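The structure under discussion appears below in the form of structure tokens.
The values are calculated or read from the model by the stated rules, or taken from the named source; none is laboratory data. Fair warning: this is a prediction, and the values are worked out from it, not measured in the lab. Cβ placement follows ideal geometry from the backbone for every residue including glycine, while neighbour counts extend to all protein chains displayed.
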Amino acid sequence: MADCTPTRYFIRHAEVVASGVDKLSQVGRERANALVAMLQHAGIGAIVATKAERSQKTAEPLATALQIEPQIVTVDPSLSEANAAAVLEMIEALDEATPTLVIGHSNTLPLIINQLLGPSNIAIGHDEFDHIFVQAGGGLAHLRYHP
């Protein structure tokens with residue numbers, strides 16, 4: 001029987017205008033557009049984003065290109081553990097083999113990945129927006145991407 005382990009991509013939302021502002025900066029919009037070039041042929045079947053505008057705006061270009069309506073997690077991302085649990089519940093409800101992009105935050109992505117794959121030393125700095133984690137075949141790859 002074929003292995004139906006899903007491929008999942010985890011990124012932090014793109015850069016914002018200023019600390020405390022929930023809108024993408026020019027660099028953030030460029031980074032969101034870079035996702036289209038990077039993931040448009042990856043077979044993404046679902047996009048999960050938080051209720052924060054910065055996450056949804058990061059998802060928008062790829063969602064538009066793939067004609068996918070992002071699924072929005074309504075739990076506040078500042079409630080790290082509750083948000084991570086809500087994201088996990090949402091992605092586990094997807095078809096087992098659906099490649100998925102998850103757009104989260106520096107405080108939630110490590111929790112989500114740890115709960116899926118076990119303890120790891122993943123840390124995302126407050127000023128880091130270029131991490132992409134790829135879960136495939138039971139393993140995790142950590143890459144960086146630029147606009």
Self-check item: Selection count, the range 92-139, where residues are in a strand (DSSP E or B) and over 14 Å from the mean Cα position of the chain (by Cα)
Solution: 2
Quiz item: Exactly one of (1) surrounded by 15 or more Cβ atoms within 10 Å (Cβ to Cβ); (2) acidic (Asp, Glu); (3) modelled with pLDDT under 95 is unmet by residue 130. Its number?
Solution: (3)
Quiz item: Looking at this structure, is residue 73 within 21 Å of residue 127 (Cβ to Cβ), in contact with a Gly (Cβ under 9 Å, 6 or more places away or on another chain) and either touching a residue at least 40 places away in the same chain (Cβ under 8 Å) or surrounded by 19 or more Cβ atoms within 10 Å (Cβ to Cβ) (or both)?
Solution: no
Self-check item: Unique match (being within 20 Å of residue 49 (Cβ to Cβ), out of contact with any Pro (no Cβ under 7 Å at 6 or more places or on another chain) and surrounded by 14 or more Cβ atoms within 10 Å (Cβ to Cβ)) among 101, 117
Solution: 101
Quiz prompt | So residue 6, is it part of a loop (DSSP other than H, G, I, E, B) and touching a residue at least 12 places away in the same chain (Cβ under 8 Å) | solution = yes
Exercise. Mind telling me which of the residues 49, 63 ends up being under 27 Å from residue 117 (Cα atoms), part of a helix (DSSP H, G or I), touching a residue at least 12 places away in the same chain (Cβ under 8 Å) and out of contact with any Gly (no Cβ under 6 Å at 6 or more places or on another chain)?
Key: 63
Exercise. List the number of the failed condition for residue 83; all other conditions in (1) crowded, with 18+ Cβ neighbours inside 10 Å; (2) not in a helix (DSSP H, G or I) hold.
Key: (2)
